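Before any comments, here is the structure.
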Amino acid sequence: MFSERLTRLLSLLARLPGVGEKTAQRYALYLLAADPSYGRELGGEIATLCDRVAPCSRCGNVADVLGDVSEAVCGICTDDKRDAKVLCVVARVQDLLAIERAGTMRGRYFVLGRLLSPLEGIGPDELPLDRLATRIRRDGVREIIVATPPSVDGEATALFLKQELAPLGVVLTRIASGVPHGGDLEYADPITMGRALAGRQEL
């Protein structure tokens, strides 16, 4: 149905998260109908993405590469207005971005990159604990906010972090979980409802 080159492009686009065959076709056909300069600009940015953007050497967030890849530092880590004594530990960059959108976190972050998951063969040795401990000591961190997801793997990772980081003398806190804003109680699962009740606050 399509030329060999276009078929190859469709195959590559379809490998993106959330992009199926029909969406890939829509993207490709849009690019063919759009101003050629847009396609060239988009292609150029994609071609150089891995060379120009890399994990932050301090926290694991995404950062622009200005020189050596090992020296890439994100805007959050270079923001002097941030409280370096408060460190929020997340599993993925996507989680970091979600917390940032709330606009209430004024500390800094550390991205684990993965969660403990025996089913996927991810054990304690796969977590960057040495880097995290070094960051805690170097910055004089006082509080660690464990912001792993409320899943089986997320809870296991949170408990493991508590066990490993407690000897460093930092305060370890866990993000709260409960009934979402605007949600109906009848649709809350038992675990969520139990945590909502356990984390109740005085009016």
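The values are calculated or read from the model by the stated rules, or taken from the named source; none is laboratory data. Bear in mind that the values here come from a model prediction, so they are computed numbers and not experimental data. Cβ atoms come from the backbone with ideal geometry, glycine included; neighbour counts cover every protein chain shown. Each accessible area value is taken on the protein alone, full model and side chains, heavy atoms only, with ligands, DNA and RNA left out. Shrake-Rupley method; radii C 1.70, N 1.55, O 1.52, S 1.80 Å.
What net charge is computed for the residues neighbouring Pro118, neighbours being all others with C-beta under 12 Å from the C-beta of Pro118, Lys and Arg scored +1, Asp and Glu -1? Residues near Pro118 contribute -3 overall. The distance from the alpha carbon centre of the stretch 167-203 to that of the stretch 22-90 is 33 Å, rounded to a whole number. Mean residue ellipticity, 222 nm, helices only, the chain: the sum of -39500 (n - 2.57) across DSSP H runs of n ≥ 4, divided by residue count and rounded to 500, is -13000 deg cm²/dmol.
When a/c is below 1.5 the answer is rounded, else prolate if a/b is larger than b/c, else oblate, so apply that to the stretch 68-126 with a ≥ b ≥ c taken from the square roots of the Cα gyration tensor eigenvalues. Cα axes put the stretch 68-126 in the prolate bin. Given H placed 1.01 Å from N in the peptide plane, which residues other than close sequence neighbours of Cys88 have an amide H under 5 Å from its amide H? Hits under the 5 Å cutoff: Arg108, Tyr109, Phe110, Ile145.
Backbone geometry of the stretch 93-109 corresponds, through the Karplus equation with coefficients 6.51, -1.76 and 1.60 at θ = phi - 60°, to 3J(HN,Hα) couplings of 4, 4, 5, 4, 5, 5, 5, 4, 4, 5, x, 10, 8, 10, x, 10, 10 Hz, x marking Gly and Pro. Take every DSSP beta bridge whose two residues both sit in the stretch 74-203, then give the antiparallel share in percent to the nearest 5. If I count the DSSP bridges inside the stretch 74-203, around 5 percent turn out antiparallel.
Solvent-accessible surface (1.4 Å probe) assigned to Glu155 amounts to roughly 50 Å². Rolling a 1.4 Å probe across all protein chains gives Tyr30 an accessible area of roughly 140 Å². Distance between the pseudo-spin-label points of Arg52 and Arg106 (7 Å out from Cα toward the beta carbon): 3.4 nm. Average accessible surface for the chain: 68 Å² per residue, computed with a 1.4 Å probe over protein heavy atoms with every protein chain in place.
Once volume of the Cα convex hull per residue in Å³ is calculated for the structure shown, the corresponding label among [x] 218; [y] 105; [z] 122 turns out to be [x]. Residues Arg135, Arg142, Arg114, Arg195 ordered from highest to lowest accessible area at a 1.4 Å probe: Arg142, Arg114, Arg195, Arg135. With all protein chains in place and a 1.4 Å probe, the accessible surface of the chain carries 56 percent carbon and sulfur. Restricting attention to the stretch 1-142, close to 45% of DSSP beta bridges with both partner residues there are antiparallel.
Residues considered: Asp95, Asp79, Asp68. Largest GNM mean-square fluctuation over the chain, using C-alpha springs under 10 Å, is found at Asp68. In this label model, Gln94 and Glu21 are separated by 2.4 nm, measuring between points 7 Å along each Cα→Cβ vector.
Whole-Hz Karplus values for the stretch 144-161 come out as 10, 9, 8, 10, 7, x, x, 10, 4, 5, x, 5, 4, 5, 4, 5, 5, 4 Hz, taken residue by residue from phi with 6.51 cos²θ - 1.76 cosθ + 1.60 and θ = phi - 60°; glycine and proline positions read x. For Leu96, Leu172, the ranking by accessible surface with the largest value first comes to Leu172, Leu96, using a 1.4 Å probe.
What is the stretch 108-203 by shape, rounded, prolate or oblate, if you read a ≥ b ≥ c off the alpha carbon gyration tensor as root eigenvalues and call it rounded for a/c under 1.5, prolate for a/b larger than b/c, and oblate otherwise? Oblate, since a/c reaches 1.5 and b/c is not below a/b.
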